[in-house]
Structures are given as C-alpha cells and as structure tokens.
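Asker: Okay, here's the structure, questions in a sec.
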Amino acid sequence: MEISDDSSCSERNNTILSTNSPFPEDLIKNVSIFVFKKHTKFERIIARAEKDFSDENIRKLIFQGTGNGCEKCICFAEVFKQKIKQPIFQWNVLRKNQNNKSSENEKERNLITPEMFILISKDPFPDEYQCLSQQTKKLNEDNVVNPEFDLKDLEENQRKRQ
C-alpha cells in the first residue's frame with residue numbers, strides 16, 4: 001500500500017493508511033493512497049494519480065481526506081473521474097473521528113473530525129460488498145460518460161445473500 005500527499009507525491013513509500021481503513025482488507029492490497037489536507041495542490045497529485053491508475057498492475061486508488069481535507073478529497077475525486085476515459089467503480093465512506101483533547105486551561109472536550117475515503121477501482125466490487133455508497137461510471141455508445149447506480153442490482157444481491 002502506498003501513501004501520497006502534496007509533500008511526498010513523487011516518492012514511493014510503502015506505508016499504511018493514517019487511520020484504519022473502512023474498506024475490506026482483500027480490496028486494498030497494493031493500493032496507492034492519496035491523503036488530502038486543506039492546502040493540498042491538485043497539480044502534483046493529479047499527475048501522480050493518473051500515472052498510477054494507468055499502470056495495469058494498480059487496479060485501485062484510495063483518496064483520503066480528514067477535517068478540512070474532506071472537501072479537497074471530494075473535489076479531487078470528481079476531477080480525476082472526469083479525466084479517466086474508462087469504466088470505473090467508486091465506493092465512498094464518510095465517518096467521524098472523536099478525539100478527547102484537554103489542555104491546562106480547559107476541561108476535557110470532544111473534538112469530532114470528519115473523515116472521507118473514496119476507493120476508485122477499475123474492477124467491479126464483489127457482490128458481497130455491494131452497498132448504497134457505491135457507484136459506477138460507464139461510457140455509452142457515443143463515448144459519453146454515464147454515471148450509474150442501479151438499485152435493482154443492489155436489492156437482487158441482498159436477496160441472494162439472505
């Protein structure tokens with residue numbers, strides 16, 4: 001698993017997500033991870049993400065934003081999807097982290113920080129992981145992008161599992 005942010009997007013360093021990943025372990029092996037902060041610059045990361053995603057050995061990317069970086073993470077994912085001219089599959093997870101911080105002048109207080117994870121894949125997600133936070137981008141016969149979400153498929157997969 002590789003992680004990149006605006007300060008190290010050109011380096012290849014094998015590390016893990018800065019927090020526990022919300023995605024199943026079998027889906028995130030050998031995944032490039034891009035961490036977004038409030039002031040992350042798109043130009044440096046977009047080139048790296050396109051390069052990584054064009055590699056046939058890399059089938060998935062994770063975009064992660066925490067706090068103010070969530071906005072950048074979502075914007076980047078949308079820009080990235082527009083640049084990709086092949087069918088892709090997306091899985092979004094939004095969660096909150098609760099931290100108890102205390103200082104000398106303050107009593108303990110709870111800080112709740114949003115955290116966004118976007119998994120982009122060249123391959124469809126296995127049926128056992130189908131959920132409402134997934135979507136697909138496919139090209140129609142005129143090579144126009146059609147975002148897709150088929151609730152019937154999801155309901156059918158849920159019935160099969162029961």
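Asker: Just need a number here: residues in segment 1-36 that are within 14 Å of the chain's Cα centre (by Cα), over 28 Å from GLU128 (Cβ atoms) and modelled with pLDDT under 90.
Answerer: Looking only at that region, the number is 2.
Asker: Enumerate the pairs (first residue in segment 58-73 and surrounded by fewer than 19 Cβ atoms within 10 Å (Cβ to Cβ); second residue anywhere and outside any helix (DSSP H, G or I) and of a type in the set (Gly, Ala, Ser)) with beta-carbon separation below 8 Å, excluding pairs fewer than 6 apart on the same chain, so at least 6 apart or on different chains.
Answerer: ILE58/SER32; ARG59/SER121; GLU71/GLY65
Asker: In a strand (DSSP E or B), surrounded by fewer than 10 Cβ atoms within 10 Å (Cβ to Cβ) and modelled with pLDDT under 90: is that true of GLN135 in this structure?
Answerer: Numbers: in a strand (DSSP E or B): yes; surrounded by fewer than 10 Cβ atoms within 10 Å (Cβ to Cβ): no; modelled with pLDDT under 90: yes.
In short, no.
Residues checked against (1) surrounded by 14 or more Cβ atoms within 10 Å (Cβ to Cβ); (2) at pLDDT 80 or above; (3) within 16 Å of the chain's Cα centre (by Cα):
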site: GLU115; (1), (2), (3): yes, yes, yes
site: GLN130; (1), (2), (3): yes, yes, yes
site: VAL144; (1), (2), (3): no, no, no
site: LEU151; (1), (2), (3): no, no, no
site: LEU154; (1), (2), (3): yes, no, no
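The values are calculated or read from the model by the stated rules, or taken from the named source; none is laboratory data. Just so it is clear, the structure is predicted and the values come from calculations on it, not from any experiment. Note that we place each Cβ from the backbone using ideal geometry, even for glycine, and neighbour counts take in every protein chain shown.
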